Every structure is written in C-alpha cells, then in structure tokens.
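The values are calculated or read from the model by the stated rules, or taken from the named source; none is laboratory data. Keep in mind that this is a model prediction, so the values were computed, not measured. We place every Cβ from the backbone using ideal geometry, glycine too, and count neighbours over all the protein chains shown. Only protein heavy atoms, including side chains, enter the accessible area calculation; ligands, DNA and RNA are left aside. Shrake-Rupley method; radii C 1.70, N 1.55, O 1.52, S 1.80 Å.
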Amino acid sequence: MSKGDMNKILVTGACGQIGSELTMALRQKYGNENVVATGHKTKPGPTLRDSGPFEFIDVTRRETVEEVVDRYNIGTIYHMAAILSAVGEQNPHLAWDVNINGLYNILEIARERELTRVFCPSSIAVFGPETPRDNTPQETVLRPTTMYGITKVAGELLCDYYFRRFGLDVRGVRYPGIISSETLPGGGTTDYAVEIFYEAIKHKRYTCFLREDTVLPMMYMPDCIRATIMLMEADLSRLKHHADFNLAAMSFCPAELVAEIKKHIPEFVCEYKPDFRQEIADSWPRTIDDSAAREEWGWEPQYDLAAMTADMLEKLGRKYAEGRL
Ligand code: SER
C-alpha cells in the first residue's frame, strides 16, 4: 500500500453544497488533475465534471473508496459526504450509517496508508439544549438531541482519537449554517437562509419554516471555503485543537434577513410556518465564540449580513436573468 502523494486530493460529497465549490477552489489552487471529485448518486454538474477527474463512490462501502484512493495515489482527503440535520431526523439510520460508518472507513483508509491529512467537518449541531446559547464556548456541554448532532460529536471524538492514537493529522471545524449561490443545501435546518434568496428573486415571496426570531450562526460560502483551506494549511505545531474548532462569521434571525433583502427588493414578503425543524433550531446556539480558531490559525471572517445579502442577490439575479435559476 502506498502512502499517497499529499498533493493528490480526494473530495467526498463533491456534488453537495460545500463540496461542489470546495472542489473548484482546490482545483484552482492545486491544479485540476490533482483534485479528484467523488459523489454517490448525484450526477456532477458540467463545471465539476469537465474541469477534472470525477468518480462515483459510496463511503459506507470501504472498497469503493479504497479503489479510488489507490488508483489516484491520494494523500489528502476532504471528507464532505454527510447526511444533514433535517434529513437525519427523517432517516436516523441512514444518518448513522453515512456519518459514522462512512467516517470510520475514511479514517481507516487514511490510517492504513499513512495519508498526510484529512479534513472532516463538524457542525453547530454538536451543541444541544443544555449548551449556553450565546457566545457558545469552544469547550462546553455537547449533548445534542438530533441524530445528526450525535454523529458529529462522535465524529469529532473519533477524529481526535485517530490523531492522538495513530498520529493521523485530521482537522475539522464546526460549520455554522452555510449560505451559497451555486448548489442548494441538502436537507439541513439552516437551509431557509439559502431558499429565501431563490424565492425572493423568483416570486418575491417566501414561506419560512422557522419562526421569525430564531437566531442562528451563519456563514457565506467564500468564508467557508477560505476557513477550510486555511485550517488545512495551518502549521500543525500551532494547533491545540484538531477536529472541533468553533467557527463564526455572523448570526441573524429570519426577520433580520428579510429586512436586509427588502433593502434590495422592497416588495418582498415573507410568511412564517414553523415545522419540525423549529425544534432542532431551538436546540442550537445563537452566537459562537471562535477565539480558538482565531488564535491557532488566524481565522477572521470577511462577510457580514449586508455584504452576503448584496452578493447573493447579485449572483442569483444574474443567473435568473440568464434563465439559469
Ligand atoms: N447546516 C447544517 C444543518 O442545518 C448544520 O450543520 O443541518
């Protein structure tokens, strides 16, 4: 078994909301041929498909991942494949299988081959109703009530175990809700903050599945990609944490987002019909203390609510005008 070439990168979940844009950012930085995008069932869009290698794998079937890792001599893995919070509540068994067994397979493949580095995202979903909800500390109560959150806590612990026990350099952040204009999110509780932009542009109306005063931590995709690559390039000797960094950019509630969108589209109307996702949102923090990420690898966000909203409306507005929305 070869140890892999650290410059050869594999991205799992490459057709997902973060994976699709992360893959393109990595290809731009490290070369198209060096970044192998992988997906499960979703077919890749033309941008992803035509810019570099693409393979189908199933992270719950280890041999499908091993074959690709060995064939491309992979040395670094960004493991973005996961089931998110809302879909996870509808199918907890699938969430466990993909998020736990899938991660275990990735870590074992990396350990056996002594791969250079693995990125595994965690989430604000690791927190639960007993966690302090404002300025949530790095070190705090981790008692989530969703299957997604449970798999993410176990995942963080497993990643840290692989670092301590086997010296595998695994890194990860607790992503807040991610807002983006390229690929729709796949079944999370923070998805309203993406859907609302599509509906504002297309129909000037939106029905929000969370209450208007539900404050959640959020981040715009350019910051998400920058944070991910920054952490992966950080000097290992400076890291005291590994797979569980709190990460923050902005926090807002639906009413505040609506007010910001109305500055650009005054006739926009939003209604509120909270569903099962309200309970999930109510168990998560409002704001996050990310001082460990700032101290250990220099994290600093660039987009706030106003800058993100203006950019989202501009990007989606252009797509709409070109008939691509
Ligand atoms: N955005 C994710 C979700 O809502 C949180 O990690 O599930």
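A compact table of results
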item: Pairwise label distance in nanometres, residue 271 with residue 56, each label 7 Å out on the Cα-Cβ vector; result: 4.0 nm
item: 5 angstrom amide H check on residue 183, placed H, neighbours 5+ away; result: none
item: Quotient of Cα Rg and 2.2 N^0.38 Å for the range 173-325, N being how many residues it contains; result: 1.09
item: About the Cα centre, charge dipole magnitude for the range 211-276 (Lys/Arg +1, Asp/Glu -1 at Cβ), debye; result: 180 debye
item: Descending semi-axes in whole angstrom, ellipsoid equivalent of the range 48-89, from the Cα gyration tensor; result: 23, 14, 10
item: Unit charges at the beta carbon, dipole of the range 202-295: most positive-side option, 272, 245, 285; result: 272
item: Rg in Å to one decimal, and Dmax rounded to a whole Å, for the range 22-113 via C-alpha atoms; result: 13.8, 39
item: Assigned charges on the beta-carbon of Lys, Arg, Asp, Glu; the chain dipole about Cα centre (debye); result: 500 debye
item: Entries in 8/29; 152/319; 202/273 that, when Cα-Cα distance is taken, lie over 24 Å; result: 152/319
item: Percent RCO, i.e. relative contact order, over the chain, from Cα pairs under 8 Å lying at least 6 residues apart; result: 18 percent
item: DSSP-loop trypsin sites (Lys or Arg not before Pro) across the range 216-321, with at most 14 other Cβ within 10 angstrom; result: 240, 263
item: P(r), alpha carbons of the range 253-325 - 5 Å bins starting at zero, rounded %; result: 3, 11, 14, 16, 18, 18, 11, 6, 2
item: Extension gain from residue 5 to residue 205, taking 0.36 nm per residue of separation minus the Cα-Cα distance; result: 67.0 nm
item: Average accessible surface area per residue within the chain, 1.4 Å rolling probe, Å²; result: 42 Å²
item: Separation between Cα centres of the range 252-316 and the range 169-190, rounded to whole Å; result: 13 Å
item: 5 angstrom amide H check on residue 8, placed H, neighbours 5+ away; result: 75, 76
item: Measure of compaction for the chain (Cα Rg per 2.2 N^0.38 Å); result: 0.96
item: Spatial separation of Cα centroids for the range 1-45 and the range 52-108, in angstrom; result: 13 Å
item: For the range 67-136, radius of gyration divided by Kirkwood radius, i.e. Rg to Rh on alpha-carbons; result: 1.08
item: FRET E, pair residue 259, residue 182, Förster distance 41 Å, beta-carbon r, rounded to 0.05; result: 0.95
item: Note, ³J(HN,Hα) from phi for the range 15-32, Karplus 6.51, -1.76, 1.60, rounded to Hz, x at Gly and Pro; result: 8, x, 4, 7, x, 5, 7, 4, 4, 5, 5, 5, 5, 5, 7, 10, x, 3
item: Förster radius 35 Å - calculated FRET efficiency between residue 306 and residue 28, Cβ distance, rounded to 0.05; result: 0.80
item: Å³ per residue enclosed by the Cα convex hull of the range 159-255; result: 119 Å³
item: Net length gained if the chain between residue 279 and residue 165 were fully extended (0.36 nm per residue, minus Cα distance); result: 37.4 nm
item: Extreme residue, positive dipole direction of the chain, given options 220, 54, 189 (C-beta unit charges); result: 54
item: 10 Å-binned pair-distance histogram of the range 112-202 (Cα, whole percent); result: 14, 37, 30, 16, 3, 0
item: Vicinal HN-Hα couplings computed from phi for the range 139-150 (Karplus, 6.51 cos²θ - 1.76 cosθ + 1.60; Hz; Gly/Pro x); result: 9, 7, 5, 10, 10, x, 10, 9, 4, 4, x, 4
item: Carbon plus sulfur fraction of accessible area for the chain, probe 1.4 Å, in percent; result: 50 percent
